[in-house]
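K.L.:
Please find one structure pasted underneath; my questions will follow.
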Amino acid sequence: MNIFNNHKKLYTTAGALFLGLTFFTAIMPALQNQKNTAPLPESKPLSGDALAGKMIYISEGCVACHSQQVRNVDMDKVFGSRPGMAADYANIERTSFWQNTATLMGTERTGPDLTDVGNRQPSLDWNLMHLFNPRTVVKQSIMPSYEWLFETKLHPTKSDVVVNVPPEFLKGLHGKLVAKKEALQLVAYIQSLKQIPLPDGSKTPIFLYKKETKVSLESNSSSDADGKALYIANCQSCHQANGEGLKGAFPSLKGSPIVNGDNLELYVDIIMNGYDARAEYGVMSAVGTNMEFNEHQVAAIINYERTSWGNTGKKVSPDEVKKIMDFIKIKATAAK
Amino acid sequence: MKLRLIITTILIFYGSTLLNAQEANNMIHLENSPPTATFIFILFIGLFLAIIWHFLRKFKIQVSLEKKWGKETTAQRFSSYISSLNSNQITEYLKVKRLLRSKNKPDINKGMSTIILILFSSLTLSAQNNTNPEKGLFGQGGIIITLILILIPVLLGSIFAIVKAINAFKIYNNQNKLQDSKQFAENLIAIEDEELESTLLKRKAALDYTLSNYELSGKNKAEDTIGIIQNASPDHQVHFTAQKKKAIPRPSLDKDITKLILWYLGCAAFWLVLGGTIGEYVGIKFVSPDADHISWLSFGRLRPVHTNMVFWGWASLGIIGLGYYVVPTVSNAKIHNIKWGWNALWLINAMVIFGTISLMAGINNGGGEFREYIWPIMALFAVALILTLLNFLKTVAKRTTKEIYISNWYIISSIIFTIIIALTAYLPFWQNGISETIIQGYYMHSGVGMWFTLYTLGLLYYFIPQQLNRPIYAYSLGILAFWTQILFYTIIGTHHFVFSAIPWWLQTVAIVGSGGMIIPVVAATINYFFTFKGQWKKVSNSYTLPFFFVAVMYYFIVSMQGTAEAFKFTNLLWHFTDFTVGHSHLGFYGIITFAIWGGTYTIVPRLTGIEPQHHIVGAHFWLAFIGLLFYAIPLSIGGTLKGMMWMEGKPFIDSVVMMFDYWLWRAIGGSLMFLAHFVFAYNFYKMTRKPIAEIDIKEEAIKHLKSITGN
């Protein structure tokens, strides 16, 4: 054939074919997307510490293990309340003159997805400890330690953020462990990672490939098994699997007067809206509200905590919890 | 025959149990019904039966032999003894015969068969018992393991018992034979037959006859008029490894181009050793996350250092270096400009050095895989590619052959495409928001498939026919594969982001295109393998062809695996897991790296005239081959289990804990690969070192003579 004897023809044809396909499957959809996608009304571009934190996230290569995309499949539901959409990424633009746009969607989940981690794990204390050495809070974690984002000071000033790391992780370090500016910025970025609610009236895209067994699990959500799973997913990273928490950071639930006592209202309030009454411990964030717990889930967690680690609190029913939750909600709106 | 029957029964049995297991449990809940455990169990039973059967057969043959022996009449037996006497025996016999005379008659014992029967039947009984374990418990892993463990001593005991029985039987029969021999001796002495004796004497003469070894050559001294005997080596060594064919000397190339190619391949080998070492360290971090707390060595920074180093440093330099041999050779022309080649070499090396330092310092492009180098660094690569393209194009333009050989379609197109890919990936006009991800999918996919795979396929189109010394099977299949590869491969990049927020039509195109990839992959694989057809012996005789064979095999396996991974269900199962890491290593290592190795071992001996030691090449091959399997198989299994755990909604940390063993195996496989790189580097050094000249005394003496006579 002539084309295979004529290098000009051959390579021009191949190059043109490739260029055409490139245009139709990469460049054109990309341009189209830029033209047609606008950021969600409630989204704001990152600024200040969070933006600086994102730069650290990029330079440390966190994207190698953490994705930032909730796919529209049921198994991704644990990472966000709705599937991600193009609009979620629309206000991300070129990082700098030297660096390309960083949507940080990622291709690997050696660690969990972080799209909504600002809702799931917003605690400053936890995040700092976790960055200093992930194994302080999650024993089995294989995430690297980011020791260089911290320094030690013999006499930290008032403005220093001291991190109460268990002594066995401080081998060879003297003084108090203090978070550097970079660590705080990185945590600010992590805290800023939240799924933005869709504007009222717009249809939320659904998760595909629902598991059929899920339905039966939900109808019977006050069972012990469910409570344990909820505890592992939402509470264990701070209060630990043995319920003992971490000294100087997260209080023990084992033998806790709140867990075992009769003040159910306080108990539910803490789960839903967080707690910051004891200076020696870190601040607990509004886990229940962030994760949109219902009364079944709260009751399951309470019952699990009251029956584990030698605790002997009495069991509660979802109805009791519901009353208190409604009451707390009224109180909260009144306070606003 | 019987063995085949047993195997078929096992297969049928296995198939039916597997079906049962699937009916009983949902496909996804694999851990409740371990068909793998069942399979191993049945395999074990099969093995068990086969071994027992083998020993029983041996036993039976023994018994039938002895039976035959028992049935023959004494006269028959004795005459057959006589006719098979050897020379020594005849001499001895005749000697004795002359001295002695006397008479006797023999009788033989029968029996035994009852005992054998009892033994035999009891053994078959026990074997049957073993094949019928209780079916209800079959699914239980613990029971299966216990049964296997119990069966091991049972098997060994049975073998021991059978061997003992055979021995006892032999001893018994030996006694019979001794007695028989006594009778035979007496019988021989009794015979008074002159004729027999003369026959025996004749027979002895015949038996004693030997050749003198001079029948053909005569006893005169050989006159070596054409120099054959001089070249024969009387040195016969014991070979511990397979003998490989020596490289056939080829016309040597220009010194300049030789040096350029060797530098390309040498730099590539250096980056392979370094990049592999970093990869090994990164792999170890999965099982030992506190190995260091140094920012420059942290996982997130080192991972792209590893991937980019082996991409641009090892593979890109490797394939371009081989291209500098292949492109001019198949064009039958000299390379257009050697200096451009050197410039491109330094540019790419500089790119890898700067890129590595910047990534370790925490400066990267923003997170797209393989797009981690910032644009000023990547620009070095673009310039190097343009230089290479012009150089190759001008060489092809100067070709003295009419047609453009298929290697050059692939190689040059691949460079053209890669320039387009790099520009598309780094130009900022279409990168905002999720467009960055659309481009990323296109880039990371085409970067692998259009740069490395397409180029390597071109190299294989030269090396495989050349090493087999026969033309490629079908040009037309090559044409089909070439154009369909471009058509389908370009459009499927988005399959790395299925179910993401990328437009659904684009994802659909990618999935459909991934199916279409069957056409170029099958066409190319057929083309290569049919070139091998009928020449398989050459593969085992060669130290280069196994590398190419592995490359073709993985080309088929990995590409088809890629198609399977693009489907929707497999995306649920495998996306984001370590399965993809296994897949990418199978592809990049199995196809590209093996092909470059094969190419290096083919052309470097031609360039330098020094062959590597064949058995060290073999060590390299097997370390890399086995290492890759140890690397990829655990990651594939672990990745699958991980995906299943995620689909079931298990807590994330559970999947991390579960992966530990698989990551450990990966590190072990990685270590073998890591060793293989050092062996390769050693071989490369051996092939390229300047040899200390062997002094040929005769040659020197002639020189000396010449200098004396003033010539």
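K.L.:
Could you go through region A:54-62 in sequence order and give the Karplus-derived ³J(HN,Hα) for each residue, using 6.51 cos²θ - 1.76 cosθ + 1.60 with θ = phi - 60°, rounded to whole Hz, and x for Gly and Pro?
P.N.:
Working through the residues one at a time gives 5, 5, 5, 4, 5, 6, 7, x, 4 Hz.
K.L.:
Let me ask something additional. Work through the residues other than B:GLN467 whose Cβ is under 11 Å from its Cβ and net out their charges, Lys, Arg +1 and Asp, Glu -1. Show your work: numbers first, answer last.
P.N.:
Working: positive: B:LYS245, B:ARG470, B:LYS538; negative: none.
My count for the surroundings of B:GLN467 gives +3.
K.L.:
Here is a further query. Using the Cα centre as the reference, give the magnitude of the dipole from point charges on the C-beta atoms of chain A (Lys, Arg: +1; Asp, Glu: -1; all else neutral), rounded to the nearest 20 debye. Mind showing how you got there, number by number?
P.N.:
Working: 36 positive and 33 negative charges, 146 e Å.
It comes to approximately 700 debye.
K.L.:
Moving on to the next point. Considering amide H positions built from the backbone, and no H for Pro or chain starts, which residues 5 or more places from A:PHE150, or on another chain, come under 5 Å of its amide H?
P.N.:
Hits under the 5 Å cutoff: A:LYS180.
K.L.:
Hey, another quick one. Under a straight-distance cross-link criterion of Cα-Cα below 27 Å, which lysines are reachable from B:LYS58, leaving out those fewer than 8 residues away in the same chain?
P.N.:
Reachable lysines: B:LYS2, B:LYS67, B:LYS68, B:LYS71, B:LYS110, B:LYS164, B:LYS170, B:LYS177.
K.L.:
Rounded to whole Hz and in sequence order, give me ³J(HN,Hα) for region B:355-366 from the Karplus expression 6.51 cos²θ - 1.76 cosθ + 1.60, θ = phi - 60°, writing x for Gly and Pro.
P.N.:
For region B:355-366, the Karplus curve yields x, 4, 4, 5, 5, 5, 7, x, 9, 9, 7, x Hz.
K.L.:
Separation of region A:127-144 and region A:48-86 by C-alpha centroid, Å?
P.N.:
18 Å
K.L.:
Check A:VAL161: other-chain or 5+ apart residues with amide H under 5 Å from its amide H, H built from backbone geometry?
P.N.:
Excluding prolines and chain starts, which carry no amide H, the hits are A:ALA179.
K.L.:
Dipole of region A:214-335, Cα-centred, from +1 at each Lys and Arg C-beta and -1 at each Asp and Glu C-beta, to the nearest 20 debye?
P.N.:
On the way: 12 positive and 15 negative charges, 30 e Å.
Charge dipole of region A:214-335: 140 debye, to the nearest 20.
K.L.:
In sequence order, what are the phi-derived ³J(HN,Hα) couplings for region A:23-37 according to the Karplus relation 6.51 cos²θ - 1.76 cosθ + 1.60 with θ = phi - 60°, rounded to whole Hz, with x for glycine and proline?
P.N.:
Coupling constants for region A:23-37: 4, 6, 10, 10, 5, 4, x, 5, 5, 4, 4, 4, 6, 9, 10 Hz.
K.L.:
What does the convex hull of the alpha-carbon atoms of region B:453-592 project to on average, in nm²?
P.N.:
Over every viewing direction, the Cα hull of region B:453-592 projects on average to 8.5 nm².
K.L.:
Still on this structure, please answer the following. Amide H to amide H, which residues 5 or more places from A:LEU208 or on other chains are under 5 Å from it, using H placed in the peptide plane?
P.N.:
A:VAL73, A:ASP74
K.L.:
Turning to a different aspect of this structure: Please sort by residue number the GluC sites (Glu not before Pro) in region B:192-222 whose DSSP state is loop and whose Cβ has at most 14 other Cβ atoms within 10 Å.
P.N.:
B:GLU192, B:GLU215
K.L.:
Continuing with the same structure: A:LYS314: which aspartates and glutamates have alpha carbons under 16 Å from its alpha carbon, excluding same-chain residues fewer than 8 sequence positions away?
P.N.:
A:ASP224, A:ASP262, A:GLU265, A:GLU305
K.L.:
Now, a different point. Sort A:299-306, B:558-565 for me by packing, meaning the mean count of neighbouring Cβ atoms within 10 Å per residue, highest on top.
P.N.:
On the way: A:299-306: 23.9, B:558-565: 19.6.
Listed from highest to lowest mean packing, they are A:299-306, B:558-565.
K.L.:
Separate question: Viscosity 0.692 mPa s, temperature 37 °C: Stokes-Einstein D of region B:258-688 from its Kirkwood Cα radius, in µm² per second?
P.N.:
Details: Rh = 22.0 Å.
After rounding, the answer is 149 µm²/s.
K.L.:
Would you please classify the overall shape of the protein assembly as shown from the alpha carbon gyration tensor, given that a ≥ b ≥ c denote the square roots of the eigenvalues, rounded means a/c under 1.5, and beyond that prolate means a/b larger than b/c while oblate covers the rest? Display every interim value, and only then the final one.
P.N.:
Details: a/c = 2.55, a/b = 1.44, b/c = 1.77.
Oblate.
K.L.:
Could you list, in their original order, any pairs among B:LYS259/B:LYS398; B:LYS244/B:LYS538; B:LYS97/B:LYS204; B:LYS246/B:LYS537 whose Cα atoms are separated by more than 18 Å?
P.N.:
Details: B:LYS259/B:LYS398 22 Å; B:LYS244/B:LYS538 9 Å; B:LYS97/B:LYS204 15 Å; B:LYS246/B:LYS537 15 Å.
Long pairs (Cα-Cα over 18 Å): B:LYS259/B:LYS398.
K.L.:
Quick check: at a probe of 1.4 Å, how many percent of the accessible area of the protein assembly as shown sits on carbon and sulfur atoms? List each step's numbers first, then the result.
P.N.:
On the way: 32660 of 51560 Å².
Answer for the protein assembly as shown: carbon and sulfur cover 63 percent of the accessible area.
K.L.:
Which entries of A:LYS44/A:LYS329; B:LYS533/B:LYS568; A:LYS44/A:LYS210 show an alpha-carbon separation above 29 angstrom in the structure shown?
P.N.:
Working: A:LYS44/A:LYS329 27 Å; B:LYS533/B:LYS568 37 Å; A:LYS44/A:LYS210 32 Å.
The pairs that break the limit, which is 29 Å between Cα atoms, are B:LYS533/B:LYS568; A:LYS44/A:LYS210.
K.L.:
Let me ask you something else. Just to verify a number: FRET efficiency for B:THR401 and B:VAL539, C-beta to C-beta distance, R0 = 22 Å, to 0.05?
P.N.:
On the way: r = 28 Å, r/R0 = 1.29.
So, using R0 = 22 Å, E works out to roughly 0.20.
K.L.:
Right, something else. Report, as an integer, the average count of C-beta atoms from other chains found within 10 Å of each Cβ along B:285-295.
P.N.:
Average per residue, whole number: 4.
The values are calculated or read from the model by the stated rules, or taken from the named source; none is laboratory data. Please read these numbers as outputs of a predicted model, since none were measured by experiment. FYI the Cβ positions are ideal-geometry reconstructions off the backbone, even for glycines, and counts take in every protein chain you see. The area values use the complete protein model at the heavy-atom level, side chains included, leaving out ligands, DNA and RNA. Shrake-Rupley method; radii C 1.70, N 1.55, O 1.52, S 1.80 Å.
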